[in-house]
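This report refers to the structure that appears directly beneath it.
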Amino acid sequence: EPLWLLKRRTDWVKVMTRSGELGWTKISDLDEIFGTDGEQVMVPAPGVDDARERGLRFGFTYGDFEGANSLGVSLGYRFTGNISAELRAAQTIGAYSDSQTYQVALLHKPFPEWRLSPYFLLGTGINITSPNATIVATEDRQDTTMLTGIGVSTYLSRRFAVRAEVANHYLLTSRENNQEIVEWKLGFDVFM
C-alpha cells in the first residue's frame, strides 16, 4: 500500500495512507519500505546541513567594545552559500559614556561546508555616543562608522550556531581626529 512520509520528529515519522489516515511510526519500522522504483526508502537524519539551507537567522551577542560591555542583536539573510547580509544593533555601557550602534554588514564565508567556518565582514552604520558626565555639560555625538572584521562560527544543531568575532570600528567624527575601536564578541544564532 502506498505510504507518504510527511515529516520527521526525532526518531518518529508522520505518515499518511492512501485513504488519508495519519499516524506516527518509528524510523526503524520503515526499514522494509521501498519506493516506486524498487529502491529502499531512506529517511534522512536532520543535521547541520539543514541549517545551511535556511536563509534567515536571528542572533544575540555579548562582548567588549574597547573596555565597555556591549550587548547586540542581529538579523541576517543568506543570499548564497558564501554571501549573507546582516542588520546589527548594539547597546554599549561604559564608565564614561554609553553608545548605540546601528549597522548593515556583508559577510563572506569562504568555506560554508566546514563545521568550524571562518567568515569576513564589511559594513557601515552610525554610532550614537552619550557621555555620562555630570559636572560638565557634554553633547551627544552621532558618527558614521565603517566596520571590518573576522569571525568563526560553528553549528550546534540544525537550528543553532555559536560564533566569535573581532571587529574594527572606524568612527568618522566631526572632530579633528577619527576614532578606531576594536570590539570582541561571542554570541549565538537561531535559524528560522
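Structure values in brief
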read-out: Anchor Lys14: lysines whose Cα lies under 19 Å away (excluding residues fewer than 8 positions away in-chain); value: Lys26
read-out: Kirkwood estimate for segment 117-192, i.e. one over the average of 1/r between Cα atoms, Å; value: 14.7
read-out: Within-11-Å neighbourhood charge of Val41 [Cβ basis; K, R +1; D, E -1]; value: -4
read-out: Which labelled figure in (1) 45, 39, 25; (2) 43, 38, 30; (3) 82, 32, 22 is Cα extents along the principal axes in Å, once derived from the coordinates; value: (3)
read-out: 1.4 Å probe accessible area per residue over the chain, in Å²; value: 62
read-out: Surrounding net charge for Leu22, when Lys and Arg each add one and Asp and Glu each subtract one, Cβ distance under 13 Å; value: +2
read-out: Accessible surface of segment 69-165, 1.4 Å probe, proportion on carbon and sulfur as whole %; value: 67
read-out: Among Glu86, Glu176, Glu139: highest mean-square fluctuation, GNM of the chain, C-alpha pairs under 10 Å; value: Glu176
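The values are calculated or read from the model by the stated rules, or taken from the named source; none is laboratory data. Computed from a predicted structure; not experimentally measured. We place every Cβ from the backbone using ideal geometry, glycine too, and count neighbours over all the protein chains shown. Heads up: the accessible areas ignore ligands, DNA and RNA and are worked out on the full protein's heavy atoms, side chains in. Shrake-Rupley method; radii C 1.70, N 1.55, O 1.52, S 1.80 Å.
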